[in-house]
Amino acid sequence: MPEFKRDSLIIWLYNTKYLRVLRRYGYVHYVSKRMKYAIMYCDHGHSESVISQLDKLKFVKQIDRSPLQDVRTTYEKGKSIQEEKDEIFN
């Protein structure tokens with residue numbers, strides 16, 4: 001199965017009444033009714049057009065891109081405390 005690049009959008013809402021409309025633009029992953037925001041995934045190639053279309057909706061206050069694409073997710077293993085003590089004494 002091929003992997004598709006997706007962008008995560010954080011959509012701040014004035015009210016959560018029209019959440020069903022967001023499903024037309026991508027996959028709605030999470031909705032917070034108390035804090036009035038939704039997390040939605042859309043295709044990487046269509047993200048700019050989706051953002052411009054969502055900006056025109058009355059119930060959308062603000063749209064933020066998730067910073068996860070900019071964060072490095074490969075980590076180098078650091079030395080444990082025990083390994084550092086062994087280096088000092090050897």
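No lab work stands behind these numbers, since they all come straight from the coordinates. Here the structure is a predicted model, which is why all the values come from computation and not from measurement. We place every Cβ from the backbone using ideal geometry, glycine too, and count neighbours over all the protein chains shown.
Couple of notes before you dig in:
- Taken over segment 26-49, residues that are touching a residue at least 24 places away in the same chain (Cβ under 8 Å) and of a type in the set (Phe, Trp, Tyr) amount to 2.
- Filtering segment 20-67 to residues that are charged (D, E, K, R) and either out of contact with any strand residue (DSSP E or B) (no Cβ under 8 Å at 6 or more places or on another chain) or more than 19 Å from LYS5 (Cα to Cα) (or both) leaves ARG20, ARG23, ARG24, LYS33, ARG34, LYS36, GLU48, ASP55, LYS56, LYS58, LYS61.
- In segment 60-90, the residues that are assigned to a loop (DSSP other than H, G, I, E, B) and either free of Cβ contacts under 8 Å to residues at least 24 places away in the same chain or in contact with a helix residue (DSSP H, G or I) (Cβ under 9 Å, 6 or more places away or on another chain) (or both): ASP70, VAL71, ARG72, THR73, THR74, TYR75, GLU76, LYS77, GLY78, LYS79, SER80, ASN90
- Of all residues in segment 1-41 being part of a loop (DSSP other than H, G, I, E, B) and in contact with a helix residue (DSSP H, G or I) (Cβ under 8 Å, 6 or more places away or on another chain), the one that is farthest from SER52 (Cα to Cα): GLY26
- Residue within segment 11-25 that is at positive phi and free of Cβ contacts under 8 Å to residues at least 60 places away in the same chain present: no
- The single condition from (1) surrounded by fewer than 16 Cβ atoms within 10 Å (Cβ to Cβ); (2) under 16 Å from the mean Cα position of the chain (by Cα); (3) among the polar types (S, T, N, Q) that ASN15 fails is (2).
- Residue count for segment 41-90, restricted to those that are closer than 16 Å to ILE11 by Cβ and exposed (fewer than 10 other Cβ atoms within 10 Å of the Cβ): 4
- Boolean, GLU48 is over 16 Å from ARG23 (Cα atoms), assigned to a loop (DSSP other than H, G, I, E, B) and of a type in the set (Asp, Glu): no
- Among the residues of segment 1-10, the one identified as free of Cβ contacts under 8 Å to residues at least 12 places away in the same chain and either of a type in the set (D, E, K, R) or within 19 Å of PRO67 (Cα to Cα) (or both) is GLU3.
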